[in-house]
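Here the structure is laid out as structure tokens; the discussion comes afterwards.
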Amino acid sequence: MHTNTSKYVNKILNFVNILILVLQRLSMKYLQPIILSILIFSSLLLIPGIKAHDGTTFEAYTSNAPTIDGVINDDEWADASTVTFSIPEGEVTIYVMNDRRYLYIAAKVADNTLDEIVNVALDIFTIDFDGRHDGQEFNVGEDTISIGARNRIGDGFVGPGLDIIDDSQIDVDGLVSRIGNFNHFEISHPIDSGDANDIAGDYGKTIGVRFLFFDQSGSDNSVISVFPIGVGADDRSQSQWADITIATPTDDAGSSDFPITEAGIIIVLLGWAVYFGSIIRKRRN
Ligand SMILES: [Ca+2]
Ligand SMILES: [Ca+2]
Ligand SMILES: [Ca+2]
Ligand SMILES: [Ca+2]
């Protein structure tokens, strides 16, 4: 990859030299405003974080898949993007990362008990996706996954009646356990399972997400906490959801993938250099 990069840099430098010659020969009168506009526009594109949604973006690549055993070890989740926030019983930390095939999500949730009985009291961690990343409505066909106590995994989608229907193809692995005063949830989901009722992720693709924490679900004391804070568990609007960007593998041995982002930054910076260079030359003339 490094030899390829320097090859591309040489090509870019040659291109810049030609561009300087062209600029010197042409009238700068019309060319300069056009080039300036292009430069400002392309520079804006390089500023990260111009997105809809709440502003939280999880993006982390790991070469080491975590063990989905319901125990969040600091080592196995060290590569993850995390966010920590407060709920009535204490703190919650969410962990998100991906390898080449799977999206891994974990949550360490402060809770006085791990409730394990369906329809009586059950603790559940649910993740709803805005697979189209349109920030509009949680709508027919969109993906939702969950994990409850005793290996109760859920893989569903929004049905025609806007209810949640189970997928016929289950693409979720997960476990829950209790450590100290925390419930640990670990869950994995393929980046692209091939199931129309799941996310169809790809490296670099951004997907909207909402995290739901059900405490004592089914009981009179049921509480649902949501991240991002301020988003309701029943809100159909996805405009304030968080983002997950599927991280591109960083252990890319032997691949000849062109480094688009890096090349883009180099081209725009060189473009600015050419522009200021041409102004200085013009003033000297
Ligand atoms: Ca684990
Ligand atoms: Ca509980
Ligand atoms: Ca599925
Ligand atoms: Ca699904």
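The values are calculated or read from the model by the stated rules, or taken from the named source; none is laboratory data. Keep in mind that this is a model prediction, so the values were computed, not measured. As a convention, Cβ positions derive from the backbone with ideal geometry for all residues, glycine included, and neighbour counts pool all protein chains shown.
Kindly establish whether E59 is over 13 Å from the mean Cα position of the chain (by Cα), away from ligand 3 (no atom under 16 Å from the Cβ) and modelled with pLDDT of 95 or more.
no
Tell me, which residue of region 183-227 that is away from ligand 4 (no atom under 16 Å from the Cβ) and more than 18 Å from S146 (Cβ to Cβ) is surrounded by the most Cβ atoms within 10 Å (Cβ to Cβ)?
T206
What tally of residues in region 124-140 results from selecting those that are over 22 Å from D171 (Cβ atoms) and either of a type in the set (D, E, K, R) or part of a strand (DSSP E or B) (or both)?
2
Find the residue count for region 165-194, including only residues that are under 23 Å from T206 (Cβ atoms) and within 12 Å of ligand 3 (Cβ to nearest atom).
8
Tally time: how many residues in region 180-231 are within 16 Å of ligand 1 (Cβ to nearest atom) and free of Cβ contacts under 8 Å to residues at least 60 places away in the same chain?
1
Kindly provide the set of residues from region 158-179 that are surrounded by 20 or more Cβ atoms within 10 Å (Cβ to Cβ) and more than 15 Å from ligand 1 (Cβ to nearest atom), ordered by number.
V158, D171, V172, listed by residue number.
What tally of residues in region 9-29 results from selecting those that are among the basic types (K, R) and at pLDDT 80 or above?
Residues meeting the conditions: 1.
Out of everything in region 67-104 that is in contact (Cβ under 8 Å) with a residue 60 or more places away in the chain and within 16 Å of ligand 2 (Cβ to nearest atom), what residue ends up being nearest to H189 (Cα to Cα)?
The residue in question is G70.
Would you say D143 is buried (at least 22 other Cβ atoms within 10 Å of the Cβ) and within 14 Å of ligand 2 (Cβ to nearest atom)?
Answer is no for this residue.
Within region 142-152, can one find any residue that is part of a loop (DSSP other than H, G, I, E, B) and at pLDDT 95 or above?
For region 142-152, residues part of a loop (DSSP other than H, G, I, E, B) and at pLDDT 95 or above: present.
Would you confirm whether or not region 166-177 contains a residue that is assigned to a strand (DSSP E or B), free of Cβ contacts under 8 Å to residues at least 24 places away in the same chain and more than 19 Å from the chain's Cα centre (by Cα)?
yes
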